[in-house]
Amino acid sequence: MILEVDGRKLELGWKEAAALIAMRFVGWNAVTLSDLELVAGNYVGAINTVARLRTLGLVSEYNVQGFKLYRLTELGARAAEELRRKAESAGLWRLVEEALGEA
Amino acid sequence: MMEDRLSELRELAKAVERAAEAIAVMRKRAKRHHVKGDVPKRQRPIMRVDVGSAQLEITDKQAAALLVVKGGGGVEALNSIARVTGLNSKLALGLASQLAEMGLVELIAAPQRKILVLTPLGWKVAEAVEQELEKKA
């Protein structure tokens, strides 16, 4: 899908879009690779998804003591908000609201 | 054109569905790691640092934490702060939150792991702390 954010056109696959939504709305400001595996389905998918998001400037990586954390950049946060807007207008956002309400 | 829109909508639906599933699992997992920070009570002010027109009072534990993060190149794990300051994880998180409120660090936090990143102001203060401690030594 193509997102337009700050005049930039971003081409995203569904895994990348899902990662942006999960990172923005989960309720804290960073995620682990294991969290991203939940989104992408497996380790290789998570690595590829985060690599693509980093290339697009949507995610930053922090590597401390061999442990990696990933956080949305400002552009990434705006892209996630744009995805939310699109999902709301398509009537799809209820799923995320339910997930937030369940836990 | 219509087909493109439908395909994009299908991709969006798949993304939202997977994100919702992941969020639900991540939030359930997070409950196992939930720690609420408490600011350590026993802190001794050791110096004041000029920041623009104001002064920041820095305590012994804040100074130690800033030096640990600076020593890590500006990024350090919260458990290193706990180890150096002798605080448990609850108090170390409180100390980190206090430094974040002062604008000296950013707390990057996932439930399982938390790291501190020095802000530009944090670098300035950490350097001032280091110089002051070198003078005293």
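The values are calculated or read from the model by the stated rules, or taken from the named source; none is laboratory data. Predicted, not measured: the structure shown is a model, and the values here were computed from it. Note that we place each Cβ from the backbone using ideal geometry, even for glycine, and neighbour counts take in every protein chain shown. Keep in mind that these areas ignore ligands, DNA and RNA; they rest on the heavy atoms of the full protein, side chains included. Shrake-Rupley method; radii C 1.70, N 1.55, O 1.52, S 1.80 Å.
Might you report the magnitude of the Cβ-based charge dipole of chain A about its Cα centre, with Lys and Arg at +1 and Asp and Glu at -1, to the nearest 20 debye? List each step's numbers first, then the result.
Values: 13 positive and 14 negative charges, 49 e Å.
It works out to roughly 240 debye.
For chain B, what does -39500 (n - 2.57) per DSSP helix run (n ≥ 4), summed and divided by total residues, give at 222 nm, in deg cm²/dmol to the nearest 500? Numbers along the way, then the final one.
Working: 5 runs with 82 residues, N = 137.
Mean residue ellipticity, 222 nm, calculated: -20000 deg cm²/dmol.
Using a Förster distance of 35 Å, how high is the FRET efficiency between B:Lys90 and A:Leu75, based on the Cβ-Cβ distance and rounded to 0.05? Intermediate values should be presented prior to the final figure.
Details: r = 34 Å, r/R0 = 0.98.
My answer for the efficiency is 0.50.
Quote the Stokes-Einstein diffusion coefficient, in whole µm² s⁻¹, for the stretch B:57-137, based on the Kirkwood radius over alpha carbon pairs, a temperature of 10 °C and a viscosity of 1.306 mPa s.
Working: Rh = 12.3 Å.
The estimated diffusion coefficient comes to 129 µm²/s.
Can you tell me the dipole magnitude for the protein assembly as shown around its Cα centre, using point charges on the Cβ only (Lys, Arg +1; Asp, Glu -1), in Debye to the nearest 20?
Numbers: 36 positive and 31 negative charges, 173 e Å.
In total the dipole reaches around 820 debye.
What percentage of all Cα-Cα pairs in chain B are separated by more than 23 Å? Intermediate values should be presented prior to the final figure.
Numbers: 4255 of 9316 pairs.
Looking at chain B, the distances longer than 23 Å represent 46 percent of pairs.
Assuming a strict under-30 Å limit between Cα atoms, what lysine pair count do you get for the stretch B:28-112 once near-sequence pairs (fewer than 8 apart, same chain) are dropped?
Total qualifying Lys-Lys pairs in the stretch B:28-112 comes to 14.
Cross-link partners among aspartates and glutamates for B:Lys135, C-alpha distance below 20 Å, same-chain residues fewer than 8 apart left out?
B:Asp50, B:Glu57, B:Asp60, B:Glu127
What is the distance, in nm, between label points placed 7 Å from the Cα along the Cα-to-Cβ direction at B:Gln112 and at B:Lys36?
Output for this residue pair reads 2.5 nm.
Springs between alpha-carbon atoms under 10 Å, Gaussian network over chain A: tell me which of A:Glu88, A:Glu74, A:Glu37 tops the mean-square fluctuations.
A:Glu88
Just tell me which lysines come within less than 18 Å, Cα to Cα, of A:Lys15; anything on the same chain fewer than 8 places away is out.
Straight-line reach from A:Lys15, under 18 Å: A:Lys86, B:Lys14.
Would you pull out the residues with amide H under 5 Å of B:Val105's amide H, same chain only if 5 or more places away, H placed 1.01 Å from N?
Distant-sequence amide H within range of B:Val105: B:Ala100, B:Thr119.
Would you kindly calculate the mean projected area, averaged across all directions, of the convex hull enclosing the Cα atoms of the protein assembly as shown, in square nanometres?
Numbers: hull surface 60.8 nm².
Its Cα hull, projected and averaged over all orientations, spans 15.2 nm².
Which residues of the stretch A:53-78 bury at least 20 Å² of accessible area once all protein chains are present, versus their chain alone (1.4 Å probe)?
By number: A:Tyr62, A:Val64, A:Gln65, A:Phe67, A:Leu69, A:Arg71.
Could you tell me, in Å, what Rg and Dmax come out for the Cα atoms of the stretch A:1-69?
Rg and Dmax of the stretch A:1-69, Cα atoms, are 12.0, 37 Å.
Where does the charge balance sit around A:Ala30 when Lys and Arg score +1, Asp and Glu -1, over other residues with C-beta under 12 Å from its C-beta? List each step's numbers first, then the result.
Working: positive: A:Arg24, A:Lys68, A:Arg71, B:Arg113, B:Lys114; negative: A:Asp35, A:Glu61, B:Glu106.
Charge balance in the 12 Å sphere: +2.
Rounded to the nearest 500, what is chain A's calculated 222 nm mean residue ellipticity when only DSSP H runs of at least 4 contribute -39500 (n - 2.57) each, over all residues?
Values: 5 runs with 58 residues, N = 103.
Counting only the DSSP helices, I get -17500 deg cm²/dmol.
Looking at chain B as a GNM with Cα springs under 10 Å, which of B:Ala77, B:Ala20, B:Ala96 has the largest mean-square fluctuation?
Fluctuation is largest for B:Ala20.
Under a crude label model (7 Å from the Cα following the beta-carbon direction), how far is A:Ser89 from A:Arg8 in nanometres?
2.1 nm
Looking at chain A as a GNM with Cα springs under 10 Å, which of A:Leu36, A:Leu92, A:Leu75 has the largest mean-square fluctuation?
For chain A, modelled as a Gaussian network with Cα springs under 10 Å, the answer is A:Leu92.
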